[in-house]
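Encoded as structure tokens, the structure appears first; notes follow it.
Every number in this text was worked out from the coordinates using simple rules, so none of it is lab data. This one's a predicted model, so the numbers in the text were calculated from it and none came from an experiment. In this analysis, Cβ positions are derived from the backbone assuming ideal geometry, glycine residues included, and neighbour counts consider all displayed protein chains.
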Amino acid sequence: MTDRAVAVPRTPPVARSHAARRGKRRIRALLKHVLLVACGLMMLYPVLWMVVSSLRPNSEIFRNAGLALTHLRVENYSNGWNAFSHPFSHYLINSVIVVTGAILGNLLACSLAAYAFARLEFKAKRVWFAIMLVTIMLPVHVIIVPQYVLYSQLGWVNTFLPLIVPKFLATDAFFIFLMVQFIRGIPREIDEAARIDGAGHARIFFHVILPLMVPALATTAIFTFIWTWNDFYTQLIYLTDPDKYTTPLALRAFVDQQSATDWGSVFAMSVVSLVPVFLVFLAGQRFLLRGIATTGGK
């Protein structure tokens, strides 16, 4: 009986090289995902801790840095909701009024100003555009004093007007710049075709350009909502009547009005105030990504 040598197929060196590279790429991808998940948990931890703390007794809030609940206290939400002379919904409605006016003002005024800079030709156009961009670098603390004097003389202090009316005057240069870049990406042939049909600038803007600006308009609306809803400094300057307080001012007054602060109720109302921001961002996320991705590309 003779022994026969069995030929064992060998993997070519090139194939082994490709397999090794694929293995390294998978390991790198796995490490990247683990790092991203860890960073995401680190960023979400303060929010999760606030949510958990809104369900804890006051004695446990600052003694426990973990996320485990030992004693559930749902009463924090009802106590915080009825802590003032008005229900907390009153202050949420005040914030909705200010935010709605600010969004409408920015959408109308900033889009009109952007169309003028992007499509019209007028004297010193580049100079005015540069001046507009420079205003982005001005901190609010520089202009708050003259603005307060002006609004005080107009009798607007302790009303919502100083927070809404300036938005209808295209004061947010960031959104103007964003829309200018977006309109510049729209082919001028569309304007020329509408002009041949007898359309003027008003009709071109409202019937041709504006429908194409949905991503930029959505981005403006989302950012305006978030910035105005969370604005504390400006609202603190102009609103002194507790009945006119918005959500950030109500939360601050909640802390100030008691010698022993009910932190569980404060965190509970903070969670309530974050819900609209989360819902708006979640609903408009795809428009936000499209607006940013298609702005400034040309």
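In segment 81-184, which trypsin sites (Lys or Arg not before Pro) fall in coil by DSSP and have 16 or fewer other Cβ atoms within 10 Å?
LYS123
Once you charge only the Cβ atoms, +1 for Lys and Arg and -1 for Asp and Glu, what is the size of the charge dipole of the chain about its Cα centre, to the nearest 20 debye?
I would put it at about 2040 debye.
Along the positive direction of the dipole of the chain (beta-carbon charges: Lys, Arg +1; Asp, Glu -1; about the Cα centre), which of PHE88, TRP229, GLY198 reaches farthest?
Sorting the options by dipole projection puts first GLY198.
Could you list LEU288, LEU41 so that the one with the fewest beta carbons within 10 Å of its beta carbon is first and the one with the most is last?
In increasing order of surrounding Cβ atoms, one gets LEU41, LEU288.
If you take the charge dipole of the chain about its Cα centre, with +1 on Lys and Arg Cβ and -1 on Asp and Glu Cβ, which of VAL145, PRO211, SER78 is farthest toward its positive end?
Positive-most Cα among the choices belongs to PRO211.
Before anything else, pin down the relative contact order of segment 86-293: Cα pairs under 8 Å, at least 6 apart, normalised by residue count, whole percent.
33 percent
List MET137, MET179 from most exposed to least, where exposure is judged by having the fewest other Cβ atoms within 10 Å.
Arranged by neighbour count, lowest to highest, MET137, MET179 become MET137, MET179.
Which ³J(HN,Hα) values in Hz, rounded to whole numbers, follow from the phi angles of segment 169-181 under the Karplus curve 6.51 cos²θ - 1.76 cosθ + 1.60, where θ = phi - 60° and Gly and Pro get x?
Result, rounded to whole Hz: 10, 6, 8, 8, 5, 4, 6, 4, 4, 4, 6, 4, 4.
Of the chain, which part is the longest with no chymotrypsin sites (Phe, Trp or Tyr not before Pro) in a loop (DSSP not H, G, I, E, B) and with at most 10 other C-beta atoms within 10 angstrom?
123-298
Could you work out how far apart the two model spin labels at SER85 and LEU236 are, taking each label as a point 7 Å from the Cα in the direction of the beta carbon, and quote it in nm?
Between SER85 and LEU236, the simple spin-label model gives 2.2 nm.
As a check on your grasp of the helix formula, calculate [θ] at 222 nm for the chain: sum -39500 (n - 2.57) over DSSP H runs of n ≥ 4, divide by the residue count, round to the nearest 500.
Result for the chain: -20500 deg cm²/dmol, rounded to the nearest 500.
Given the peptides 17-24, 197-204, arrange them by the average over their residues of other C-beta atoms within 10 Å, most packed first.
Answer by packing, highest mean first, reads 197-204, 17-24.
Would you list SER273, SER111, SER59 from fewest to most Cβ contacts within 10 Å?
In increasing order of surrounding Cβ atoms, one gets SER59, SER273, SER111.
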